[in-house]
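Below is one structure, written out as structure tokens, with a few remarks after it.
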Amino acid sequence: AEVPVVYLDPAAAWAAQVGAVPASPTGPRLEAAAVARVILRYQLARAGVAHDQEYEAVLFPLPEQTMTLSPLVVDYDDRDLLAAAPNAARYVIPAAKVGTKTYWTTLQRDLADHLVASESLQVWHNPDLKLYSRVGESEQEFVARCGQVGAEQADKQAAALRTKYEAKLRAIDTKLATASSQAQQAEAARNSGMMESAASVLGGFFGGRKSASSITAAARRHTSASNRVGAAQTKIGDLQMQRQDLETELMTEVGDLTADWQAKAASVEPVEVELKRTQIRVTDLRLVWVPV
């Protein structure tokens, strides 16, 4: 044969999967199988994937025609395969032409075709964030990582909003401080004027020194002062309402952008990294005689 020949140790962990049994007193009955170790290289440049995966399998019984294969994936170890034939072994002649180079070349080619058709690697993609998962990263882990990136983007936009709204809030606060000061001054002036006017006008009137028109003029001055206080307080109320509206507007904008980035972070989709024929490398292929 053009490939190494070995013998399966019945004590191997996967021996029972292929129906191997301990040798009988008259010696083992051996049937032909093959083991293969293959390196599968997955590549997808846009996702940053360049990943090698080891594939190990046994083919038993060994098929005469290799176009359609049904490998049994096993994790085999070189210690499972013995170099020396068991005593008094009896060989079952296989239908497969294991003694020809052509058979093994064809088997290797058809195994590669089988792997191209059956094996693939899945990663996750977030189109909005332009992110791909790492090999082995679960959907849940990837979504969590996208959530962190989305939160960072939301914070950046929120910082820009803070700068925008801080200027507006400072302007309103400055107006509020001025309006409050004016209201206090107007109220103080009204109270002071009212007391002075009451003492002067009413005292003069009852003393016979002031006329009715003097009282009317004093009332008008008091009304005017009260109106100034009222106007100042109305202005304060208007400014406070503006400030409240501005705060509500800010909270709405921050809430909207946070929800937007959360939605973007949660929007992920699977991407299949296909295996190409040129990315398959068979590193081990051996004829194995299995005791049955």
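The values are calculated or read from the model by the stated rules, or taken from the named source; none is laboratory data. No experiment lies behind these values; they were computed from the predicted model shown. All Cβ positions, glycine included, derive from the backbone under ideal geometry; neighbour counts span all protein chains shown. Heads up: the accessible areas ignore ligands, DNA and RNA and are worked out on the full protein's heavy atoms, side chains in. Shrake-Rupley method; radii C 1.70, N 1.55, O 1.52, S 1.80 Å.
Label separation (residue 68 vs residue 184): 9.5 nm, computed from points 7 Å beyond Cα along the C-beta direction.
The lysines whose alpha-carbon is closer than 30 Å to the alpha-carbon of residue 175, local same-chain residues fewer than 8 away aside, are 156, 164, 235. Quick check: the distance between the Cα centres of the stretch 236-250 and the stretch 102-168, to the nearest angstrom? The stretch 236-250 and the stretch 102-168 have Cα centres separated by 43 Å.
Over all other residues within a Cβ to Cβ distance under 9 Å of residue 55, the charged ones net out to -2, with Lys and Arg as +1 and Asp and Glu as -1.
Gain in length, residue 137 to residue 119, computed as 0.36 nm per residue apart minus the alpha-carbon separation, to one decimal in nm? Let's see the in-between values first.
Values: separation 18, 0.36 × 18 = 6.48 nm, distance 1.81 nm.
Roughly 4.7 nm would be gained on extension.
For residue 223 and residue 92, calculate 0.36 nm times their separation in residues minus their Cα-Cα distance, and state this gained length in nm to one decimal.
Details: separation 131, 0.36 × 131 = 47.16 nm, distance 12.20 nm.
Extending this stretch completely gives an extra 35.0 nm.
Relative to the longest principal axis of the chain, what angle (0 to 90°, nearest 10) does the C-alpha long axis of helix 212-266 take? Here the helix axis deviates by roughly 0 degrees.
The mean accessible area for residues of the stretch 80-190, using a 1.4 Å probe and ignoring ligands and nucleic acids, is 60 Å² per residue. Applying 1/(1 + (r/R0)^6) with r as the Cβ-Cβ distance of residue 100 and residue 281 and R0 = 35 angstrom yields a FRET efficiency of 0.95.
What value, in deg cm²/dmol to 500, does the helix sum -39500 (n - 2.57) over DSSP H runs of n ≥ 4 give at 222 nm once divided by the residues of the chain?
Working: 4 runs with 136 residues, N = 292.
Helices in the chain give a 222 nm mean residue ellipticity of -17000 deg cm²/dmol.
Fully extending the segment from residue 266 to residue 164, taken as 0.36 nm per residue of separation minus the present Cα-Cα distance, adds 33.9 nm. Under the criterion of Cα pairs below 8 Å and six or more residues apart, the relative contact order for the chain equals 37 percent.
Probe radius 1.4 Å, ligands and nucleic acids ignored: give me the carbon and sulfur share of the accessible area of the chain as a rounded percent. Before the final figure, lay out the partial values.
On the way: 9060 of 17190 Å².
Answer for the chain is 53 percent, counting heavy atoms of protein chains only.
Among 107, 131, 176, the largest mean-square fluctuation in a Gaussian network model of the chain (Cα springs under 10 Å) belongs to 176.
What does the highest-first list of 81-88, 97-104, 34-41 look like by mean Cβ count within 10 Å?
34-41, 97-104, 81-88
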